[in-house]
Structures are given as structure tokens and as C-alpha cells.
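*Asks:* Structure provided below as C-alpha cells; questions to follow.
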């Protein structure tokens, strides 16, 4: 079985920046250890917006400038950068889910004997979006979310997202 870990949006703005939470700060060491000890390929996504973010549909609904490309908050947390392989694929995404990530995995690995584990931020927005995209693109792959390496906008919305993913046959550990 081929093992892939997808580290979703482990960026400064989601940890201790514009949209940071205490839960994100608390889970960061677990995510670092998961990446460091993972036996398989590790892929990354980065929420990536431009200076006109607040005028976009998303920006009008979430009027907090964050993850503006090139800004300090857009960068991966230093703890993540310290364990990230220099040649690891990084998918910049302008919205919650990355169709490029799903296409890359499908084209590079296929879906037979494939386990894709997701960690990251935020459980209730980008983690669930990418998990659902991967489930749709690769219905025979094992899709797993490590809840100890995720944090949501709130603890309640984190738990709600985990329950929604369970119903869609995404394994939660």
C-alpha cells in the first residue's frame, strides 16, 4: 500500500496569525511529529490569496485578510518548514479545496492500494473540503483524517466536520 500524508494549510495565519486559535497552536507539535515520523510521501497545501482578497466572494463572507501570497502569515509555520522536505510538492489553492491536489494524486499514484491521510487546518473548512474532493476523485482509496493533528474554527465545528466526514466513509483516527 502506498501511503500519502497531506498537510493542509499549516500556515502562520491559521496558527497564531489573523485566524489563529489556541487549538491550532496546541495541535502544531503533533502535526510536526506526524510529518517527521511519516513513512510515505508528504504533500502540502497552502491557502493562497492576493491583495484583493476582501473583494472576492470568499473575502466578502470572511472579511479577514489572511494568507496573502508573500506575506509572513502566508508562510508555513517555522516548525513545519523545519521538517518539510525541500522537494515536497506544495499546492497553492485560492479556495478551500484543491482540485490540483486531487488530480496530482490520481495521476501520480492511481488509487489502488492507496492510503491518503490528512492533517491540518481548519478541520471544518479546508480539511473537510480536501477530504471530500479526494474521496470523490479516488473512491477506492482509503481516506483518513487524524483528528489529533487538526483544529477547527471552533471545537464544536471541528467535531461537526469529523462527524460529517465519518458519514462519507472517511476514517477518523
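The numbers here are math on the coordinates, done by the rules we state, and not lab data. This is a predicted model, so every value here is computed, not measured. A quick note on method: Cβ atoms are made from the backbone with ideal geometry, for glycine too, and the neighbour counts reach across all protein chains shown.
*Asks:* Once you place label points 7 Å from the Cα toward the Cβ at residue 1 and residue 166, how far apart are they in nm?
*Replies:* About 2.0 nm separates the two model spin labels.
*Asks:* Do the sum for the chain: with -39,500 (n - 2.57) for every DSSP H run of n ≥ 4, divided by all residues, what is the mean residue ellipticity at 222 nm, to the nearest 500 deg cm²/dmol?
*Replies:* -10500 deg cm²/dmol
*Asks:* Modelled label-to-label distance, residue 25 and residue 55, 7 Å Cα→beta-carbon offset: nm?
*Replies:* With each label point 7 Å from Cα toward Cβ, the separation is 3.5 nm.
*Asks:* Per residue, how much space in cubic angstrom lies within the convex hull of the C-alpha atoms of the chain? Could you put the intermediate results ahead of the total?
*Replies:* Numbers: hull volume 18.2 nm³, N = 173.
Taking the convex hull of the Cα positions in the chain, it is 105 Å³ per residue.
*Asks:* Sticking with this one: Using Cβ contacts closer than 10 Å as the measure, can you line up 1, 46, 27 from fewest to most?
*Replies:* Numbers: 1 9, 46 19, 27 25.
Taking fewest neighbouring Cβ atoms as first place, the list is 1, 46, 27.
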